[in-house]
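One structure is given below, encoded as structure tokens.
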Amino acid sequence: MQQIYYELSVLAKAVNFKNLSGAALHVGLSQPQLSRIIARIEDELKIVLLDRSAKRKSGWTPVAFRLAHMFEKSIKRLETELQSLSQNQMVREIHIGTLEGLSSFAMKTCKHCFDHIGVTKIFIEIYDLNELEAHFLSGNLDLIFTSKSPGKQKFKYFHELGFQILEKIQSNKNYALLSNFEYGRSNKKDLDDFKHVLVTNSLTIRKEWFDDYGGTGFMPTEAKRGKAKEHEPVYMIGSEILSPNLWQQVTTAVDKA
């Protein structure tokens with residue numbers, strides 16, 4: 001059987017809402033994305049999760065609820081066992097994902113983990129927002145530094161770090177500069193006003209383009225401590241299988257840094 005952990009985790013959240021369209025509004029995915037995920041589970045397990053007999057809004061089948069319940073029970077059992085294990089073992093390896101604009105928070109956290117927690121190996125990767133959410137929800141990352149909470153669910157380990165200002169730049173109307181996430185959420189008709197559109201997940205590329213050629217778009221400023229009205233908060237979020245002790249040490253360290 002192919003790996004469908006991520007797809008099952010999405011299903012477990014989606015069945016809490018009446019139908020596919022309602023679920024899409026709350027799990028952080030578009031309806032076509034969610035539909036493809038459900039179709040993959042159905043194809044892999046040879047079951048029917050959606051009653052598509054209704055013309056407008058398909059509802060969940062009893063099998064969908066049973067499968068979601070089975071998945072949640074297995075995950076909770078695994079989390080309990082892993083937490084018990086991790087509380088008695090020194091954590092040696094951590095996987096971290098961050099937005100490029102929050103890399104300073106991530107680096108300070110890495111330094112503290114090396115110096116004070118006993119971690120010997122850290123994998124840290126920079127992602128755009130869509131990739132960061134997907135890898136975290138798939139269980140590939142232990143910690144993330146982000147400007148948006150993945151989906152609509154509440155996370156056990158969730159810490160607000162500060163805020164970030166999105167600076168609007170309009171120095172050249174020929175070029176629209178967007179992140180991958182911004183492009184995915186943009187109104188394509190609005191982009192027709194521009195002669196050229198540049199899409200990249202690299203802040204460095206966007207900054208240099210703005211400096212050298214100009215353009216229209218947003219650039220996040222360096223993240224700062226505290227809170228500010230009308231500005232984007234930034235967060236550190238931990239995987240639910242992290243030990244409480246490790247999370248406490250990390251949050252204490254990042255607040256003092």
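Quick notes on this structure:
- In region 173-180 there is at least one residue that is farther than 30 Å from Ser239 by Cβ, surrounded by fewer than 19 Cβ atoms within 10 Å (Cβ to Cβ), not basic (Lys, Arg) and not assigned by TED's automatic domain parsing to the domain that holds Val234.
- Cβ pairs under 8 Å, 6+ apart, first in region 114-128 and under 13 Å from Ile94 (Cβ atoms), second basic (Lys, Arg): Gly118/Arg92; Val119/Arg92; Thr120/Arg92; Lys121/Arg92
- Scanning region 150-174 for residues that are modelled with pLDDT of 85 or more and either basic (Lys, Arg) or not in a strand (DSSP E or B) (or both) yields Phe155, Lys156, Lys168, Ser171, Asn172, Lys173, Asn174.
- Tally of residues being buried (at least 17 other Cβ atoms within 10 Å of the Cβ) and in contact with a helix residue (DSSP H, G or I) (Cβ under 8 Å, 6 or more places away or on another chain) across region 204-218: 2
- Evaluation of Lys18 against (1) surrounded by 13 or more Cβ atoms within 10 Å (Cβ to Cβ); (2) closer than 27 Å to Ser149 by Cα; (3) among the charged types (D, E, K, R) (one fails), failing number: (1)
- Residue check, Glu167 exposed (fewer than 15 other Cβ atoms within 10 Å of the Cβ), touching a Pro at 6+ places or on another chain (Cβ under 8 Å), free of Cβ contacts under 8 Å to residues at least 60 places away in the same chain and within 20 Å of Asp128 (Cα to Cα): yes
- For the criterion of being acidic (Asp, Glu) and modelled with pLDDT of 85 or more, Glu42 passes.
- Residues (touching a Lys or Arg at 6+ places or on another chain (Cβ under 9 Å) and part of a helix (DSSP H, G or I)) located in region 7-31: Glu7, Lys13, Leu20, Ser21, Gly22, Ala23
- In region 69-79, the count of residues that are modelled with pLDDT of 90 or more and surrounded by fewer than 18 Cβ atoms within 10 Å (Cβ to Cβ) is zero.
- Top-ranked residue of region 84-109 - restricted to ones that are among the polar types (S, T, N, Q) and buried (at least 20 other Cβ atoms within 10 Å of the Cβ), ranked as modelled with the highest pLDDT: Thr98
- For Leu20, the test of being at pLDDT below 85, within 14 Å of Thr61 (Cβ to Cβ) and aliphatic (A, V, I, L, M) is passed.
The values are calculated or read from the model by the stated rules, or taken from the named source; none is laboratory data. Quantities reported herein were computed from a predicted structural model and do not represent experimental measurements. So basically every Cβ, Gly included, is an ideal-geometry build from the backbone, and we count neighbours across all protein chains shown.
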